[in-house]
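Below: one structure, written as structure tokens.
Any read-out appearing in this document is the output of simple, stated calculations on the displayed coordinates, not a laboratory observation. In this text, all values refer to a predicted model and were calculated from it rather than measured experimentally. Quick reminder, even Gly has a Cβ in these numbers, built from the backbone with ideal geometry, and neighbours come from all protein chains shown.
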Amino acid sequence: MPMIRSAGKRLRSRAETFLRQWWGPNLTWWDFATVGAPSPRFDVIPGDPLARLGLSADELEDADGPVRFRGTCRYLNAASAVVSHSVDDTTEWLPVCLDVMDRYGIKSTVFVVTQREPLMSRLWPRLRQAIADGHEIGSHSRGHPCRVPDSLPFCLGRFTIDEIEGSREDILRNSGQPHVWSWAYPCGNCADRKFAQRKIARAHYVAGRAYPCELQNRHAVPDLQDYDSNPYAARYTQIVQKGYSKFDSKGRKVAILGRTDPAALNGKFDEVVAAGGIYSFVSHPQMLDYGADGFYERHLAHIGGRADLWYVPMGPLYAFRTLSMETKVRQLRSTSAAARFAVYNALDPKIYNGSITLEFETGAPVTALADGRKLAEHGSGPVTRWDGAYIRSAGKNLLVTVRPNTLLEFRFPE
Ligand SMILES: [Zn+2]
């Protein structure tokens, strides 16, 4: 048996060497073994979430109490619309681009190519600062394999576990981020292929951003104004960047469209916000003009700092959707003058580290506490964090923003 096993091992390693030489440099046997594998849920933890709060089902109360739960808000702090930015590639332009975004209060997913050295090593300190400032670092692979247009052999050979999971590990090791939520397909390649989407899901990303076919200029205005129904081939509203050229797989130079007219850019944003949607836009920092007169800053000045909007990167936004849908809010039996609610779910809190907003009808002024701690009023101004804990009055109702798996308590003044 051991002899057969070692012969099998030798054969496998020879096959791998051959495949790597002729097909994809990072291919492994496992890439083929798992090509048809499903993507089971990776984001729930076993056990009873109520028990984790120290509660049991018979403490739940169905009859209405003095405070009534009205529902979960569509966006955090009941914002009227959402702005989500993402920028691609590891280039020397990243720090200046982040500085500009911060000037206008825009939050982005920074999609980096994790093994583009020596630049990446120099960028990590600035990226750690970006995380502290409310941005997200997403993966744009380790080496940015790209073919225009893609092909099945290309996707099978170059869209490897090493690129997908290796880049995730690079980010976790260098950034201190608790999870890597977002993936962006290099050159938009392979995003339409189910096996590629499953591979992204199996690597525990919660969203994969597409970049639809540049050769047909479909990348310019995919015009998505909401969540994408398929988070693993997620489109966006529009690009904000200059035109460029690239070589297709036959070596021909092709001009690719940009989008730099502030009136057109701002008009599209206005349209999405008026409809209460999600405005998501994509830029490449190396394809921008910096300076207050340039199209990029003029657009950011138009869309930034609005008090009724929520500014959030892509991954935490998609995580928020799951969090909102899967969190239960149940009233608890109460003997005192207070009303108590359990806010709970079975989701992994390392991945779902954000908050949701719940609307309660209180009838009278109340004090709200989460896990015994009094919640402060959210000041006026935009929502720029995805993990806050606060309240906001909305007429006779109270909006409560908390991280789930918490015990909410409402106390009436004596
Ligand atoms: Zn790219």
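Annotations
- With Cα atoms, 0 to 90° folded angle of helix 314-326 axis to the chain main axis: 50 degrees
- Taking amide hydrogens as placed 1.01 Å from N in the peptide plane, the amide H of Thr357 sits under 5 Å from those of Cys73, Asn77, each at least 5 positions away in sequence or on another chain.
- Too-long pairs where the Cα-Cα distance tops 28 Å, listed order kept, from Lys242/Lys268; Lys194/Lys246; Lys374/Lys396; Lys107/Lys250: Lys107/Lys250
- Looking at the chain, the DSSP beta bridges with both ends there are about 60 percent antiparallel.
- The label-point distance for Ser380 and Asp226, in a model that sets each label 7 Å from Cα toward Cβ, rounds to 3.2 nm.
- Counting only DSSP beta bridges with both residues in the stretch 30-165, the antiparallel share comes to about 0 percent.
- For Ala15 and Val254, the difference between the fully extended length at 0.36 nm per residue and the C-alpha to C-alpha distance is 82.4 nm.
- Sorted fewest first by neighbouring Cβ atoms within 10 angstrom, Thr91, Thr327, Thr17 come out as Thr17, Thr91, Thr327.
- Shown in residue order for the stretch 13-22 are the 3J(HN,Hα) couplings computed by the Karplus curve 6.51 cos²θ - 1.76 cosθ + 1.60 at θ = phi - 60°: 5, 5, 4, 5, 4, 4, 5, 5, 5, 9 Hz (x for Gly and Pro).
- Under Karplus coefficients 6.51, -1.76 and 1.60, residue-wise ³J(HN,Hα) of the stretch 383-399 in Hz, glycine/proline x: 8, 10, 10, 9, 10, x, 9, 6, 10, 8, 6, 9, x, 8, 9, 10, 9
- Interchain or long-range residues, amide H under 5 Å from Ile256's placed H: Tyr244, Ser245, Lys246
- Backbone N under 17 Å from the Cys213 label point (7 Å along Cα→Cβ), restricted to the stretch 180-206: 187-194
- Dipole size of the stretch 81-307 about its Cα centre, with +1 on Lys/Arg Cβ and -1 on Asp/Glu Cβ: approximately 620 debye, rounded to the nearest 20.
- FRET E, pair Trp23, Lys328, Förster distance 60 Å, beta-carbon r, rounded to 0.05: 0.80
- The distance separating the Cα centre of the stretch 311-334 from that of the stretch 337-388 comes to 11 Å.
- DSSP beta bridges in the stretch 314-399 [antiparallel fraction, %, rounded to 5]: 95 percent
- Packing-based ranking, highest mean first, of 292-298, 61-67 given that Cβ atoms within 10 Å are counted: 292-298, 61-67
- Simple spin-label estimate for Arg70 and Asp192 in nanometres, 7 Å along Cα-Cβ: 4.5 nm
- Other-chain or far-sequence residues with amide H under 5 Å of Arg193's (modelled H): none
- Here r is the Cβ-Cβ distance between Ala7 and Ser121 and R0 is 56 Å; the resulting FRET efficiency, rounded to 0.05, is 0.85.
- Proxy reagent accessibility, fewest Cβ within 10 Å first, across Glu214, Glu377: Glu377, Glu214
- Within the chain, the cysteines lacking any other cysteine Cβ closer than 4.7 Å to their own Cβ are Cys73, Cys97, Cys213.
- Note on Asn266 and Ser245: the extension gain reaches 5.1 nm, defined as 0.36 nm multiplied by sequence separation minus the Cα-Cα distance.
- R0 of 41 Å, Cβ-Cβ distance Phe412-Val96: FRET efficiency to nearest 0.05: 0.20
- Between the C-alpha center of the stretch 43-58 and that of the stretch 217-262 there is a gap of 44 Å.
- Relative packing of 71-81, 399-409, which averages over residues the other C-beta atoms within 10 Å, highest first: 399-409, 71-81
- In Hz, Karplus ³J(HN,Hα) per residue of the stretch 154-166 (6.51, -1.76, 1.60; θ = phi - 60°; x = Gly, Pro): 4, 5, 5, x, 10, 8, 9, 4, 4, 5, 7, 8, x
- Leu94, Leu215 arranged by Cβ crowding within 10 Å, fewest neighbours leading: Leu215, Leu94
- The stretch 81-307 shape via C-alpha gyration tensor axes, a/c threshold 1.5: rounded
- Degrees between helix 119-132 axis and first principal axis of the chain (Cα, 0 to 90, nearest 10): 10 degrees
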